[in-house]
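For reference, the structure is listed below as C-alpha cells.
Each reported figure results from applying straightforward, stated rules to the coordinates on display, with no laboratory input. The structure presented is a predicted model; accordingly, all values stated were derived computationally and were not measured. All Cβ positions, glycine included, derive from the backbone under ideal geometry; neighbour counts span all protein chains shown.
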Amino acid sequence: MSNTYTEEDLAKNLQEQEYKYGFTSDFKSDTIPVGLNEDVIRLISSKKEEPLWLLEKRLQAYRAWTTMVEPDWAHVNYPKPDFQAISYYSAPGQTKKYESWDDVDPEMKETMKKLGISMEEQQRLTGTAVDFVVDSVSVATSFKKKLGELGIIFCSFSEAVENHPELVKKYMGTVVPHTDNFYAALNSAVFTDGSFCYIPKGVRCPMELSTYFRINEGGTGQFERTLVVADEGSYVSYLEGCTAPMRDENQLHAAVVELVSLDNAEIKYSTVQNWYPGDKNGVGGVFNFVTKRGLCEKNAKISWTQVETGSAVTWKYPSCILKGDNSIGEFYSVAVTNHFQQADTGSKMIHLGKNTSSTIISKGISAGQSQNAYRGLVQIHASADNARNRSECDSLLLSDRSGAHTFPYIECKNSTAKIEHEATTSKIGEDQIFYCQQRGIDSEKAIGLIVNGYCKEVLNHMPMEFAVEAQKLLEISLENSVG
Amino acid sequence: MLTIKNLHASVEEGQEILKGLNLEVKAGEVHAIMGPNGSGKSTLASVLAGKDGYEVTEGSVDFDGVDLLDLEAEDRAKEGMFLAFQYPVEIPGVSNVNFLRTAMNEIREYRNEDKMSAKDFLAKVKEASNLVELDNKLASRAVNVGFSGGEKKRNEIFQMAMLEPKLAILDETDSGLDIDALRIVSEGVNKLRSKDNAVILITHYQRLLEYIKPDFVHVLSAGKIIKTGGKELALELEEKGYDWINEEIAQ
Amino acid sequence: MELVLDNKVLEFVSDFKKPETISKVRKQALDALNGMDFPTTRVEDWKYTRVGKYVKKKYKQVQATANVEDYTIADLNAHQLVFVNGYYDESLSTIKEDDAISVHKIEELDEEYYSDIVDGTSENVFSLINKAYQTGGVFIQVKKNKKANFPIHFLHVLEGEEVIANARHFVHMETGSKAEVVATYHSNNSENSFTNVVLEGHVESNASLTINKLQSEAKNVFHISNELFVQDESSNFLINTITTGALMTRNGLEVIVEGENCHTEMNGAYLGTEKQHMDNHTLIDQLYSNCTSSESYKGVMDGKSVGVFNGKVIVRQDAQKIAAYQSNKNILLSKTASVNSKPELEIYADDVRCSHGSTIGELDEDAIFYLRARGISAASAKQLLVAGFIGDVLDKVENEALRTNIDELFLNDFGWKF
C-alpha cells in the first residue's frame, strides 16, 4: 500500500496542527500597571472592595512568597518569569455586575461562541450552570436561581467573599495553605477572582457546575482561585475549561483549587485545559503552574479527571489528602504535548485514614519535540491501615524527538497497605495498526481508534458533554491526518 | 468421624451465614451438600477449615474426639482434614514439590512419624500425579501459577492423594471443569475412597454426583440443612430446583 | 595544608592516613572534594537516605589482618583476593594459575594509563573520597577472547572498630572475554566501621561479565558502594546484589551502555531486620540502539527496617529499539517496617518498549491460609512464601557453590530454607 498513513504522518500532522482558539477579544479591559509589591496588593484588594481580613491574608501570603524560591525539581526548562513584568489585575472594562445573561457584553458572548460554549445552548440542552472567568474576573454565573432553591451557592469568588464571608473564611487556605509552595503563595497574594461553590448537607447537585477560564489581556497573569465545599453527604460534579489567545509572549497562569469533601460527600472535578501552548516553534504559550488539592473526610470521595492539551509549560499535581477513614481518591489524566510543550504532571495521594483507597490512571502522549513527564506521589502513613493504591501510568510516543518520563514516588509506612504501580512507555503499536488494517480499517482511522482507546479509560470518567469536548480536543491532533 | 452440632457462624461484618447446622459424617461415607447460591455452602467449608474472617457464635464441631474449632487451620489439616479449594490459590515462587514436602513433613512430625525419604516422596508424587493424570512437569512448577482451571482442580486432588486425609471436603470442585477433567477428578477421588476415610462434596450441580456416588445428600438453605436423603434426592433437585423443598417445609 | 574545620568532608577525612604519593588521579579527586559537602535528603538522589549521622563520626584507615577462614566459600574454587579494611592482603590471597587473567595492584599501574581508564567516570562525594584516599585494590584484566578459568573472589573484611575501608577495584574485560566476579563483604568486631568501596569496570565488545555481590556485614557498620560499568557493543553485563548486612547500606550502581546489541541485567534482594536501612540506587543509561535491559529488585523488610529502591533507566535520543524492564517488589513483614520505591523512566527515543512495576504489600493472606490448610504452620507458611518471593532473584546466582553459601546465610540469619 503506497498511501499508507504512517506514524510519521501522524506525528507530522500533529506538528502542523495549529491552535484553534487563538484570537483576542476586543473588549475593553481595566488593567493595572505591571509589577508586584504590597501597594499593588492593596490596590487589587481595594479595587475589589474587599474586607480587611482578606487583605491581611493576601499580605501574609505575599510576605511568605518573598522568602520562597521558584521550584526547579520538575522536568521542565523555561525562562523564569519576571514577576515584576506582569500585570496582576486585568478585568474586562465594565465594572458593573451582570444581573442576567442578557446583560453580558455581546462581544464577550461572541468570544464564548468561538470557544464552542454557547451558553444559551448549554443552559438549555445540558442543564449546566456556568461561571465564566475572563482574566480572573468572573462575569456571569447562570442558573443561580435554580441552584439557590437547593441552598447551593455557586458564584464568583468575589461574590462569595461579599455574601458568604464565613464560609470563605472557614475553608479558604485549609487545603492549600499560602505557605504551600511558591506559586500557591503568589496566588494567595494576588488572586483576582475565581469560583466558589458550596453544596449543603445531603444535597445532590442536580446539574454539572461549570467554570470557563480565559486569559485575554496581553502581559497579564491569571491567578484565579477555586474553592469547592461539599458538606456532609452531598455530591457535586464540577467542570473547568481553560483557553487563552495566541500571543507570542509567555503568559503566566498560577491558580489554586481547593476541594473540601466532608463526611460521606463526593466531589467530581473535571478539567479540560487548553491554554495556548505556543506556536510550532515554541514561541509564546501559557506557563501553567497550578496547585490543586482536595481533602477527604470520613467516607468521602474526590475524583480528579483532566484532559490536558494546552500550555507551553505545565506544572500541576491534583492531589487528594485522604484524611478520613474509608475515603477514596481518584486521578484520571490524559496529557498531550506537542511541538515544544513541556508537561510535568501527575498526582499525590496522601493516605492518612484507615481503609483509604486511591487510583491513579495517567496517559501521556508526546509528539513533536515535547517533553511529557508523569510525577506522582503515593504516601501511606503509619496510621493508614489497609490502605490501597493502584497506579497505572502509560506513555505513548509519536515522535523520535519527543520525550516521555515517569517519576513515581512510593512511600509506605504501613505493612497492611497494598500498593501496585505499573508504567509502560512505547511507540504506538505497529502491530495494532496492522491488525486493524487487516480487518479493513484504514491506517488513519486505526491510529484514531488506538489513541482514543488509549485514553478511553480516562475519558469515561468525564461527564458526557465534557467528554465529547475533550475527545474533540484530542481529535484535533488526529484530524486532517489523511495523507 | 465428624459431628457438627447447632453450628452458627457469622462473617466479620456481623451477618450470620450458618444458623444452626447439624451434620454427622461417619468413616467410609460420602456426603453431598447441595444448595442454592448464598445458602452457606462455601462458608461451611471455610469455617471447618479454619479460615480467618468468620466467627463461630454457637455450636460445636467434633472431629474424631478433637474439638475442631479449637484448632489452628494447620492443626486441622494435621488432624486429617483436607479442603479442596473452590479457587485454589496461586503461590509464585513456591514449587509444588517443595510445598508438599513441607506439608507432609510437618504433618508427619505432628503425628510423631519419621520424615519421608526423598525417594519414597518422589515415588509417591509419581503415583499421585498419575492418579489425576497430572503432568509430572506441573509438580515442579510453582503452586497453581499458570495452571488452567482444570489443572488447578486436578492439583487439589493430587495434593489430597499425597496427604491422605481422613476427611476431604471438596468445595465446588466440579465448577469450571469440562467433562474429561470432571471424569479424571472424580475417578481420582473414587480411588482414594476407603472404609477409613470420608468425603464431603459441596456442589451446586447434580453432575458431579453421577461420578462420585454419595451415601447421603443434604440440602442447605439459609444456613441450615433443611432436607436429607439418598442420592435420588439430587436427581429430584436437578429436576425441580430448590424451591419445592421450601414449599414442602412451609406446608 | 591547613584543615578548614567547618568543612565536613575535610573533617571526615582528617584521621585518614595520608597517601604516600599524591598521584595525578588522587590530586584531581582531592581538588574536586574541595568545597564539596555530604548530601542531605534535600538532594533528590539521597531523598530517602540520611547519611548525616554516619559522616559526623570519625574513622581511621588502619591496616590489619583478619581470619578469613570463615568467609571463604567452600567449593567456589576461585582466585581469592582479600582486602582487610580496604588494604590488599597478599598473604591471605590466592591467585591460581590462569592464562586468561592478570592481576595488578592499583598502585602499581602506570599512572597515565590508570588516569585514562577512570577518566570521565561519574563521581559523588563518597567515590571521590575513595579515589583520593584509596588504600588498595586490584586491577583485573581478562584477556581478549579468553574465559577466566576460575571465578575471581574479592573478599572484603572490616576488622576493628571505627575504621574505614576505601578499597578500589577495576575489572577490565577485553574484547570477547568472559569472567565471573564474586564480591563479598564481611565484618568482625567492627562496630561503627565504614565500608566505602568503589568497583569499576569496562566490558569491551562481545565480552561478558557476571558479578555476584553478597554483603553480610554486621548490623552496626555502614556500607556505601559505588559501582560503575561501561559496556561496549554486543557485551553482556549481569550483576546480582544481595544485601542482608550493615546498619545503613547504599548500593550505588551505574551502567553506561555505549554500544549496540548489549544486554544489561541487574537483580537484587535485600532483607532487612531491626533498624537496618537498605538503599539500592541504580542507573542504566542507554546511548545506543538495539539494547535490552532487565532489572528486578525484591525487598523483604522486617522489624523497623527501611528499604529503598531508586532505579532509573535513561534512553537517549536516537537510541531506538530499546527494551527495558524494571521491577521492584517489596514485602513488609512488620508494622513498623517501611519501603520507599521510586522506579524512573526517562525516555527520549520513540521506538522503545519500556516498562516498570512496583509493589508493596504484606504476604498474601489467602496463600498463607492455603498453606496452613495443608498442614503447614503459620511460621513455615510465611517462610515458604518469603523464600518463594525472593527465590527467583537468588536463582539468578548460577554459581552453585555461591548459591549454597547464600542459602546457608539465609538459614543462619533468618532461619529460612530454600
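Descriptive notes on the structure:
- Extension reserve of the B:Glu127-B:Glu55 stretch, reckoned as 0.36 nm per residue once the Cα distance is removed: 22.0 nm
- Unit charges on C-beta of K, R, D, E only; dipole of segment C:8-258, Debye: 860 debye
- Note: relative contact order over segment B:2-250, using C-alpha pairs below 8 Å and six or more positions apart, is 28 percent.
- Near C:Gly299, the amide H atoms lying under 5 Å from its own belong to C:Tyr270, C:Lys329, C:Asn330, C:Ile331; only residues 5 or more places off or on other chains count, and H is placed 1.01 Å from N.
- The string of couplings for segment A:175-182 from the Karplus curve (6.51, -1.76, 1.60, θ = phi - 60°) is 9, 10, x, 5, 8, 4, 7, 3 Hz, one whole number per residue in order, with x for Gly and Pro.
- Gyration tensor verdict on segment B:71-113 (Cα atoms; rounded if a/c is under 1.5, prolate if a/b is larger than b/c, oblate otherwise): oblate
- All other residues whose Cβ lies under 10 angstrom from that of A:Ala189 are scored, Lys and Arg at +1 and Asp and Glu at -1, for a net of +2.
- Residues whose amide H comes within less than 5 Å of that of C:Lys146, counting only those at least five positions distant or on another chain, are C:Ser177, C:Lys178 (H built at 1.01 Å from N in the peptide plane).
- For chain C: rounded, prolate or oblate by the Cα gyration tensor [a/c cutoff 1.5]: rounded
- Coupling constants for segment B:102-108 follow from the phi torsions by the Karplus curve (6.51 cos²θ - 1.76 cosθ + 1.60, θ = phi - 60°), and in residue order they are 4, 4, 5, 5, 5, 5, 5 Hz; glycine and proline get x.
- For segment C:80-228, the equivalent ellipsoid derived from the alpha-carbon gyration tensor has semi-axes of 25, 17, 13 Å in decreasing order.
- With bins 10 Å wide beginning at 0, the percent of Cα pairs of chain B falling in each bin runs 7, 31, 36, 21, 5, 1, 0.
- The protein assembly as shown: Rg to Rh, with Rh as the Kirkwood radius over Cα pairs: 1.02
- HN-Hα J in Hz across segment C:379-391 - Karplus 6.51, -1.76, 1.60, θ = phi - 60°, x for Gly and Pro: 5, 5, 4, 5, 4, 4, 5, 5, 4, x, 5, 8, x
- Cα-derived Rg over Rh, computed across segment C:253-330 with Rh taken as Kirkwood radius: 1.10
- Counted by Cβ distance under 13 Å from C:Leu332, the other residues give a net charge of +2, where Lys and Arg count +1 and Asp and Glu count -1.
- Distant-in-sequence amide contacts of B:Ile169, defined by a placed amide H-H separation under 5 Å and a gap of 5 or more residues or a different chain, comprise B:Phe82, B:Leu83, B:Ala84, B:Ile200.
- Working from Cα pairs under 8 Å separated by at least six residues, relative contact order for chain C is 10 percent.
- Greater than 28 Å apart at Cα, pairs in B:Lys51/B:Lys224; A:Lys57/A:Lys354; A:Lys456/C:Lys47; A:Lys348/A:Lys456; A:Lys316/C:Lys275; B:Lys124/B:Lys152: A:Lys57/A:Lys354; A:Lys456/C:Lys47; A:Lys316/C:Lys275
- Neighbour counts of other Cβ atoms within 10 Å put A:Trp304, C:Trp416, B:Trp244, A:Trp65 in the fewest-to-most order B:Trp244, C:Trp416, A:Trp65, A:Trp304.
- Formal net charge of residues neighbouring C:Glu258 (Cβ-Cβ distance under 11 Å; K, R +1; D, E -1): -4
- In the structure shown, the pairs B:Lys213/B:Lys240; B:Lys41/B:Lys240; B:Lys5/B:Lys231; B:Lys78/C:Lys304; C:Lys57/C:Lys329 are assessed against 28 Å; a Cα-Cα span above that value is assigned to B:Lys78/C:Lys304; C:Lys57/C:Lys329.
- Considering only B:Arg111, B:Arg193, B:Arg141, the mean-square fluctuation computed in a Gaussian network model of chain B, springs between alpha carbons under 10 angstrom, is largest for B:Arg111.
- Within a Gaussian network of chain C (alpha carbon springs, distance under 10 Å), most fluctuating of C:Ser102, C:Ser91, C:Ser205: C:Ser91
- Helix-only mean residue ellipticity at 222 nm for the protein assembly as shown, each DSSP H run of n ≥ 4 adding -39500 (n - 2.57), per residue, nearest 500: -7500 deg cm²/dmol
- Once Rg and the Kirkwood radius are both taken over the C-alpha atoms of segment C:365-418, their ratio Rg/Rh works out to 1.05.
- Computed magnitude of the charge dipole of segment B:74-194 (debye, nearest 20; Cβ of K, R +1, Cβ of D, E -1): 340 debye
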